[in-house]
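Accompanying notes for the structure given below.
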Amino acid sequence: MTIRWGSARVHSIGYYTHLSRYFRTYRQSGDMANAVALWNEISRHRLEVLLAERGNALCFRQRSIVSAFMPKSGGTFLFNRLLQDCNYAEYWWGISHPSDQTAVFAVPDALARYLQGGFASHTHARPSPYNCRVFNEARVDRIWVHVRDPIDATIAAYHHYLGEGQGEGTVAEQRRIENLAEGVRLGVDPNEAGPEACEAFVREHVSFMIGWLREWLEIERLNPGFVHFTHFEELDDAKGLLSRVFRAFDVEIEPFEISPRLASDRRRTDHPDSEGEISAALRRELGREVEAQLAPLGWLDRLAEVREARSAKAACTDPSPSSPE
């Protein structure tokens, strides 16, 4: 079987199946240089398949936004709305290392195709020197980065590795199995879950979240205006959040509404406020660590502005259901 795009004949499906097999082998072994080289070619095939499947439904006139979602910040919720409600199609501009989803490697040809318009991608990418070089070469002039308080994100990660909040259906069950297995590797024992185990996990892993956020704040410090930040606290008005993002990136988009809940959403709907999930003493201790590392980059001022705006809005509106994670 072959796929035709315009008048050009392209490689057979068997050829790409062969490439994909090698790609998986390279990626699983951590050979990201060869994996990136193969994804350059595979991404062309993925675009051809999208064109064959969706044709005129692809909205190339909508600007593609290069984005990075902090782990456990509600990024899956936002990404699902881009696909479901805003007429974007999923297309990967980068590939991640199998043992670290934040180690994303931008793929030059895939990024060029992504930037043609109409695409969205869910990543936890860090601004590595390699990625920044690829972004510069592709003339990416702005990146959307969605973030969350590192302490709260780490608490949410603990529950993630207990298999909680993985959506619905068969895919959700598979995610739950994978997350439980990954949790064991990180020292999370579902048989010993509880406040003490949660605090031990947060104490050990909060530095990971702080580091992820610090790298993007540093990029913005060095390149003012390059990073457009949105925050977990803004998810109680997801339509407003996305509308602000679209304005910031000059995206021409039809009027849209936000789907209330999708089976693919990853969220805990019955969780308590994370303020009460670790002791006040530990939160103060970790808060001092966050302040020491991120305050010089303006994080506390930024977060205070967002929370103040949210409080002002809440004063004149009804409270919303719990936010996605």
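Coordinate-derived values only; no laboratory data. Since we're looking at a predicted model, the values are computed, not measured. Neighbour counts run over all protein chains shown; Cβ positions are idealised from the backbone, glycine included.
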Checklist entry - Mean separation of Cα pairs under 8 Å and 6+ residues apart, divided by the residue count of the range 1-146: what relative contact order is that in percent? => result 27 percent
Checklist entry - Could the peptides 120-129, 154-163, 135-144 be put in order, highest first, of the mean number of other beta-carbon atoms found within 10 Å of their residues? => result 154-163, 120-129, 135-144
Checklist outcome for this item: Per-residue Cβ contact counts at 10 Å, fewest first, order E48, E204 as E204, E48
Checklist entry - Rounded to the nearest 5, what % of the DSSP beta bridges within the range 35-157 are antiparallel ones? => result 45 percent
